[in-house]
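Here the structure is laid out as structure tokens; the discussion comes afterwards.
Every number in this text was worked out from the coordinates using simple rules, so none of it is lab data. None of the values given here were measured: they were computed from a predicted structure. Every residue, glycine as well, gets a Cβ built from its backbone with ideal geometry; the counts of neighbours run over all protein chains shown.
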Amino acid sequence: MPNPDYVIERLSSNSYGELIEIWEASVRATHLFLTEKDIAFYKPLILKYALPGIKTYGIKNNNALLGFMGVSENKVEMLFLRPDCRGRGLGRKLLSFALNELKIRNIDVNEENPDALGFYLHLGYEVVSRDELDGNGKPHPILHLQHRTGRLSENNTHIHSVRKVSVADFMNCVKTDYSNDKRRTAMSDELIDIYDGNMNHLGTAPRSQAHREGLWHKAFHCWIVKRASDGRHRVLLQLRSKNKDTHPSLLDISAAGHLKAGEQPRDGIKNIEEELGIKVDFDKLNKLFTINHVFERNGYINHEFNPTYLLETDKNLSELSMNPNEVDGVLEATIDDLRNLFSHKVDYIYVSGLLLDEYENYVPHTGSVSVSDFVPHEDSYYVKVMDTVRRYFDNPQKLAV
């Protein structure tokens, strides 16, 4: 069946009755944080003040109005679709029109509406600031977003369902896949270099033996970061595959992996490409430090030397070519939020990104995570990484290694 023809056109005040109808239906379907009293409060304000103060554009099919957006001089002030029209790519078409035709890159969203926020983030918008109260003084925080590039195609083939769940709940919904058992066994038996506690080379051993006997070895760490104009620089977190033999389904360093026998830290960049599809020269990495990591639980003894690096990128998460055999998702959090989490100043932090669903599609996700959602490196390690990354952004020439 051919795709229907959609038309976007400027609307007049004669459409306000239909617009407020769409607004209310959409709010009831998506703004679940609003009470009946809230809706009754906002509805006349939208009709009397908000709509007359903006330009409205509707998206139609066969002259039927399916949704609309309202714009001011430099911002999309509102975007609402009829509930039965969600999932057709209409929101993307409206935003593509705003970016490409109207040259408007900014948009606001309620922080309590994670579906909308996840949708915007997936299309290349980034949070640039936050207001604790909405424009009417109500305790509904507003996030101010800006599109990174100012361009967006109407192609909707990569947009899938958006849902709000915890990382743990999301992974519990994904069917267990045992097709990688042989691969996991092969990886656990690969030869790695073994060292004494002073990093003097002793020989080689299978990785499974190193973890069974607590033999010192090396693993490459790379933290991938994105610069933000407002100083809220972001860190990419990798969700380890549910099929990993160690720490499955936990958040971890952006890219990491054991160094095989004979490999040096510069060979670790293969993990960045294999896991995330990012090709990078080793010289583009910044050395942070080398740290010792010790972890023991249920007969698993991990003694590692971790040469740790930083890679700055401007790629959107949707541009990554993730390996579903290695990576069940990628999420972003700010440096400050991560530091506060592992300094135990907060119990949870906000993250957003993409998670693998049961159909092996990476779909938008927003939610909160706690320390228990992360691979159990020492808390001091995470804090040290965030402090060093912050120094890099403040003055990369003085980054201590």
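Under the Kirkwood approximation for Rh and a Cα-based Rg, what ratio Rg/Rh is obtained for the range 267-333?
1.02
Mind listing which GluC sites (Glu not before Pro) in the range 1-95 are in a DSSP loop and have 14 or fewer other Cβ atoms within 10 Å?
Sparse-neighbourhood loop GluC sites (Glu not before Pro): 73.
Return P(r) of the range 297-348 (all Cα-Cα pairs; 5 Å bins starting at 0; whole %; ordered from short to long distances).
The percentages, shortest bin first, are 4, 12, 13, 14, 22, 24, 9, 2, 0.
Can you tell which of 255, 383, 363 lies farthest toward the positive end of the dipole of the chain, using +1 and -1 charges on the Cβ of basic and acidic side chains (Lys, Arg; Asp, Glu)?
363
Using modelled backbone amide H atoms (1.01 Å from N, in-plane), which distant-in-sequence or interchain residues come within less than 5 Å of residue 134's amide H?
Excluding prolines and chain starts, which carry no amide H, the hits are 140.
Where in the chain lies the longest segment free of chymotrypsin sites (Phe, Trp or Tyr not before Pro) that are both loop residues by DSSP (not H, G, I, E, B) and have at most 16 other Cβ atoms within 10 Å?
Within the chain, the longest run free of exposed chymotrypsin sites (Phe, Trp or Tyr not before Pro) spans 179-347.
Determine the gain in length on full extension of the stretch residue 112-residue 134; use 0.36 nm per residue of separation and subtract their C-alpha separation, reporting nm with one decimal.
Net length gain for the segment: 6.8 nm.
Neighbouring Cβ atoms within 10 Å as the yardstick, rank 346, 76 fewest first.
If I rank by nearby Cβ atoms, fewest first, I get 346, 76.
Taking every alpha carbon pair in the range 37-82, what does the distance histogram look like in 5 angstrom bins from 0, in percent?
Pairs per bin, as whole percents: 5, 20, 23, 25, 18, 8, 2, 0.
Under 5 Å between amide H atoms, partner at least 5 residues away or on a different chain: which partners does residue 128 have, H built in plane at 1.01 Å?
144, 145, 146
Considering the alpha-carbon set of the chain alone, what are its Rg and its Dmax in angstrom?
Rg and Dmax of the chain, Cα atoms, are 24.0, 81 Å.
For 78, 69, what's the fewest-to-most ordering of other Cβ within 10 Å of each Cβ?
Ascending number of Cβ neighbours within 10 Å: 78, 69.
Could you pull the Cα extents of the range 289-401 along its three principal axes, largest to smallest, in whole Å?
Principal extents (Cα only, largest first): 42, 42, 28 Å.
Run through the range 325-401 and list the GluC sites (Glu not before Pro) located in a DSSP loop whose Cβ has at most 16 other Cβ atoms within 10 Å.
Those that pass, being in a loop and sparsely packed, are 358, 360, 378.
Fewest to most neighbouring Cβ within 10 Å: what's the order for 122, 144?
Fewest-to-most ranking of 122, 144: 144, 122.
Where a ≥ b ≥ c are the square roots of the eigenvalues of the C-alpha gyration tensor, would you call the range 175-327 rounded, which needs a/c under 1.5, or, failing that, prolate if a/b is larger than b/c, or oblate?
oblate
Quick check on the range 75-150: take the gyration tensor over C-alpha atoms, sort the square-rooted eigenvalues as a ≥ b ≥ c, and tell me if it's rounded (a/c under 1.5), prolate or oblate.
It comes out oblate by the Cα gyration axes.
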